1. Looking at this model, which pairs from K26/K181; K130/K221; K130/K176; K59/K176 are more than 19 angstrom apart at the alpha-carbon?
2. What is the diffusion coefficient of the range 67-155 in µm²/s, taking the Kirkwood radius over Cα pairs and the Stokes-Einstein relation at 25 °C with a viscosity of 0.890 mPa s?
3. Excluding residues fewer than 8 places away in the same chain, name every one of the aspartates and glutamates whose C-alpha is closer than 20 Å to that of K28.
4. Only sites in a loop by DSSP and with at most 13 other Cβ atoms within 10 Å count here; which trypsin sites (Lys or Arg not before Pro) in the range 125-217 make the cut?
5. Give me the dipole magnitude in Debye, nearest 20, for the range 118-167 about the Cα centre, with unit charges on the beta carbon: positive for Lys and Arg, negative for Asp and Glu.
6. Between H128, F100, N235, whose Cα lies farthest towards the positive end of the dipole of the range 5-249 when Lys and Arg beta carbons carry +1 and Asp and Glu beta carbons carry -1, centred on the Cα centre?
7. What distance in nm separates the two pseudo spin-label positions at E197 and T44, each 7 Å out from Cα along the beta-carbon direction?
8. If eta is 1.306 mPa s and T is 10 °C, what Stokes-Einstein diffusion coefficient results for the range 5-249, Kirkwood Rh from Cα pairs, in µm²/s?
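Every number in this text was worked out from the coordinates using simple rules, so none of it is lab data. Quantities reported herein were computed from a predicted structural model and do not represent experimental measurements. When we count neighbours, we look across all protein chains shown, and the Cβ atoms used for this are built from the backbone with ideal geometry, even at glycine.
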Amino acid sequence: MKKIVFIFLIFPVFLSAQINESDTLKLKASLSLTGFYQGGNVETFIFRAKTDVSFIPWKNWVFKNQNSYVYQAFGKDKADEDILSLNFLYLNPDRKIYPFVLGFISTNFRREIDLRYLVGAGVTFQVHNKKEDWLKISISSEYENTDFSTTNFNFSEYNGSQSINTMRSTIWLNGKYSLFKNKMILNHESYFQPSLEEGNNYRWQADIGLEFPVWKYVNFKVNYRHTFESIVVVNQQQQDRFLTAGFTLKSY
């Protein structure tokens, strides 16, 4: 019988599960590296990396950058290779209501997206903001352009177009809560992003995490992410679900 080897690598280095741009610290950063390898009858390799940086470039301004990279292969055949860069510039994020501008860039191998970019602006409402608990709602509008490597989609009206562009509106909901005297931490990030021009062009994502403090600077974390995209290339699923586990290493 072939020897089967499982290697599960979870080495996140987080300053926080979510970086709150309203915090007063001038610089915050995080790095997350996770992976999975299975050899033997079935060979599987998964690698994920994520960085999160927030800093104050000028007085009353905060810049936040989030980058992620995902690579997956099954039987030495590449299944995923995705890059995502999220960039925000906030003005007066210590106030109850504050504006921001954004710029996103992404690629997605499985969904055959060569390049997607969004640029826009919005406003954030701080519903609740304490040191250990906070809840924010944001509304923004963006111009989006997506270049595909194919021209065949699940909606026939888009067939023949290698690039799809539209104006969008986005509703964001982000929060973090300390429960049971800080023995459990719940955090969530979600958005709904419809097109302002086509009713069948929309996407949404929900990301929910539970953390359990192990030590002053270390938490055990379980995370669930569900994504949905209405327009996809032919024979692709519209939704994806991810369940992961790891650790959070905090510097404060």
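1. Long pairs (Cα-Cα over 19 Å): K26/K181; K130/K221; K59/K176.
2. It comes out at roughly 157 µm²/s.
3. Result set, ordered by chain and number: D52, D94, E132, D133, E189, E211.
4. K130, K131, K181, K183, K216
5. With Lys and Arg at +1 and Asp and Glu at -1, about 280 debye.
6. H128
7. Each label point is offset 7 Å from its Cα along the Cβ direction, giving 4.0 nm.
8. 81 µm²/s
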